[in-house]
Amino acid sequence: MNGSIATILELSLAPTPKAPALARAAVSDWLAQQSNDGVILDVVLLLVSELVTNSVRHARMAEEPLRLTAWVGEATVRFEIWDSGSDGTVARREPRRDNDLGGFGLELVTRLSSAWGVERDVTGTTVWLEVTTAG
Amino acid sequence: MPLESQPPDRVSPDAAVFRCEVSGKRDTAKVRALGELDLGTVAILDAKLAELREAGFRLMIVDLSGLSFIDSTGLRCLLEWDAEARRGNISIALVQGPRAVQRVFELTGTAARLRFVDA
């Protein structure tokens with residue numbers, strides 16, 4: 001279907017320990033509305049949980065909500081999460097080594113996503129990943 | 001030291017739902033983990049295991065068969081308790097979870113580090 005408009009999910013989440021579960025529930029509902037049965041829901045929910053957990057930890061001193069965006073492309077589903085945490089900015093925060101996707105979370109992301117990346121600018125940090133859809 | 005079923009620990013219904021069912025026999029406690037184990041709920045399991053250790057149980061069997069979800073935060077909790085058991089005078093064993101749960105152990109190469117037993 002050429003020119004079909006992908007429905008976008010936009011979520012604003014308080015950076016609390018409940019955020020991963022809230023995000024999984026929202027993504028699960030959203031994916032159920034998509035005409036895309038090529039993604040493995042379990043895998044997507046695991047990846048979303050890792051993304052959001054990482055951002056909650058990263059943004060732990062910040063008050064601004066996390067922003068999760070998801071959309072279905074031609075052969076992928078893409079997730080982006082933004083948090084206002086950014087190393088070296090005005091936020092006075094102890095530098096920590098586990099600020100970024102790390103350890104088992106990173107391992108799951110690298111193994112289950114088709115691509116992922118981290119982008120930083122003065123406003124915050126965006127982590128994105130894509131999952132390939134079958135067929 | 002008999003442990004009857006305890007009131008479930010729950011977090012708010014709009015987030016992950018998780019509770020533990022505990023039963024005990026002599027020095028063995030069985031903890032049935034039910035629901036989703038993630039950043040929002042991992043403290044419930046952690047506190048329960050700490051409580052059972054304090055109560056004197058030497059073997060704790062964590063049954064994952066009722067888990068519907070686990071991520072790296074839940075995995076880390078189980079690995080930390082496994083390490084704690086190896087340091088201390090207790091044992092931890094796990095009963096396998098459903099496929100989506102077991103996959104997290106397999107993808108991270110941690111299944112072999114943990115002790116799995118039959119239910």
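The values are calculated or read from the model by the stated rules, or taken from the named source; none is laboratory data. All values reported here derive from a predicted model rather than from experimental measurement. In this analysis, Cβ positions are derived from the backbone assuming ideal geometry, glycine residues included, and neighbour counts consider all displayed protein chains. Each accessible area value is taken on the protein alone, full model and side chains, heavy atoms only, with ligands, DNA and RNA left out. Shrake-Rupley method; radii C 1.70, N 1.55, O 1.52, S 1.80 Å.
Shown in residue order for region A:122-130 are the 3J(HN,Hα) couplings computed by the Karplus curve 6.51 cos²θ - 1.76 cosθ + 1.60 at θ = phi - 60°: 5, 8, x, 10, 10, 10, 10, 7, 10 Hz (x for Gly and Pro).
Compared with the direct C-alpha span, the chain from B:SER65 to B:ALA83 gains 4.3 nm at full extension, assuming 0.36 nm per residue. Taking every residue in A:12-21 and counting other chain Cβ atoms within 10 Å of its Cβ, the average works out to 5.
The helix-only estimate of mean residue ellipticity at 222 nm for chain B, built from DSSP H runs of length n ≥ 4 each weighted as -39500 (n - 2.57), is -10000 deg cm²/dmol after division by the residue total. Karplus-derived 3J(HN,Hα) values for region B:25-38, using 6.51 cos²θ - 1.76 cosθ + 1.60 with θ = phi - 60°, are 8, 6, 9, 10, 10, 10, 10, 8, 8, 10, x, 10, 10, 8 Hz; glycine and proline are entered as x. Averaged over the residues of peptide B:98-107, the number of Cβ atoms from other protein chains lying within 10 Å of each residue's Cβ is 3. For B:ILE61, A:ILE81, A:ILE40, the ranking by accessible surface with the largest value first comes to A:ILE40, B:ILE61, A:ILE81, using a 1.4 Å probe.
Between B:VAL117 and B:ASP46, the modelled label-to-label distance comes to 2.5 nm, taking each label 7 Å out from Cα in the direction of the beta carbon.
Distance between the modelled labels on A:GLU74 and B:THR28, one decimal in nanometres: 5.8 nm (7 Å Cα→Cβ projection). Residues of region B:41-76 buried by at least 30 Å² of accessible area upon assembly of all protein chains, compared with the chain on its own (1.4 Å probe): B:PHE69, B:ASP71, B:SER72, B:THR73, B:ARG76. With all protein chains in place and ligands, DNA and RNA left out, the 1.4 Å accessible area ranks B:LYS25, B:LYS30 as B:LYS25, B:LYS30, largest first.
Per-residue surface analysis assigns B:LEU59 an accessible area of about 40 Å², computed on protein heavy atoms at 1.4 Å probe radius. Stretching the chain fully between A:GLN33 and A:THR110 yields a gain of 25.0 nm (0.36 nm per residue, less the alpha carbon separation). Distance between the pseudo-spin-label points of A:ARG120 and A:ALA25 (7 Å out from Cα toward the beta carbon): 3.4 nm.
Using equal-weight Cα scatterers in the Debye expression, the normalised intensity of chain B in log10 at q = 0.11, 0.23 Å⁻¹ is -0.32, -1.48. Averaged over residues, the count of other Cβ atoms within 10 Å places the peptides A:15-21, B:62-68, B:82-88 in the sequence A:15-21, B:62-68, B:82-88, highest first.
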